[in-house]
Amino acid sequence: MSIMMGLRVAVDPNRFEEAVNSDRDRIMEISQAAKDAGATHHAFYANDDGGEILVVDEWPTKEAFFEFFENNTRVPELMSDAGVSDRPTPVFWRELDTPDKF
C-alpha cells in the first residue's frame, strides 16, 4: 500500500507559483523524475492565509520519496528561486482501513 506525503513549505505562495510557472521545462523535468522514482500523485496547495504551501504526493514508500528528494538537484534550485529558506520536513501518512471511506 502506498503512503501520502505532506510537505509544508514556508514561502509566499504567489512567489512560489511564479517560480514554478516561469520555467515549464524545469517543473516538468522534476515531475517526470518523481514519476520515474515511483510517485503516483502530486499537487501543490496554497494556504489561504499566505506564507505557506503544502506539497501532497503519493509514493510507494518513504524510502522512494527520500531517494528522489535527496538526489534531485532541480528541487533545491526551484525552492531557492521561489524564496524558500528553511528546509521543509516531510510528514508521511498511511491510509487506515475504516468502513466509512469513499
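The values are calculated or read from the model by the stated rules, or taken from the named source; none is laboratory data. Keep in mind that this is a model prediction, so the values were computed, not measured. Counting neighbours? That spans all protein chains shown, and the Cβs are built from the backbone with ideal geometry, glycine included.
For THR73, state whether it is loosely packed, with under 14 Cβ neighbours inside 10 Å, hydroxyl-bearing (Ser, Thr, Tyr) and touching a strand residue (DSSP E or B) at 6+ places or on another chain (Cβ under 9 Å).
Here the answer is no, as THR73 does not meet what is asked.
Run VAL91 past the list (1) surrounded by 14 or more Cβ atoms within 10 Å (Cβ to Cβ); (2) touching a strand residue (DSSP E or B) at 6+ places or on another chain (Cβ under 7 Å) and report the number of the one that doesn't hold.
(1)
Looking at the range 33-64 only, could you name the residues that are free of Cβ contacts under 8 Å to residues at least 12 places away in the same chain and within 13 Å of the chain's Cα centre (by Cα)?
Answer for the range 33-64, where residues must be free of Cβ contacts under 8 Å to residues at least 12 places away in the same chain and within 13 Å of the chain's Cα centre (by Cα): LYS35, TYR45.
Given the criterion among the hydroxyl-bearing types (Ser, Thr, Tyr) and surrounded by fewer than 12 Cβ atoms within 10 Å (Cβ to Cβ), identify the matching residue among THR40, THR61.
Every option except THR40 fails the conditions.
Give all pairs with beta carbons closer than 9 Å in which a residue from the range 87-102 that is closer than 18 Å to VAL56 by Cα meets a residue that is at pLDDT below 95 and loosely packed, with under 10 Cβ neighbours inside 10 Å; count only pairs at least 6 apart in sequence or on separate chains.
ARG94/MET1; GLU95/MET1; GLU95/LYS101
Within the range 9-53, how many residues turn out to be of a type outside the set (A, V, I, L, M, F, W, C) and in a helix (DSSP H, G or I)?
15
Residue by residue through the range 54-102, note down the ones that are of a type outside the set (Phe, Trp, Tyr), in a strand (DSSP E or B) and more than 21 Å from GLN32 (Cβ to Cβ).
LEU54, VAL91, ARG94
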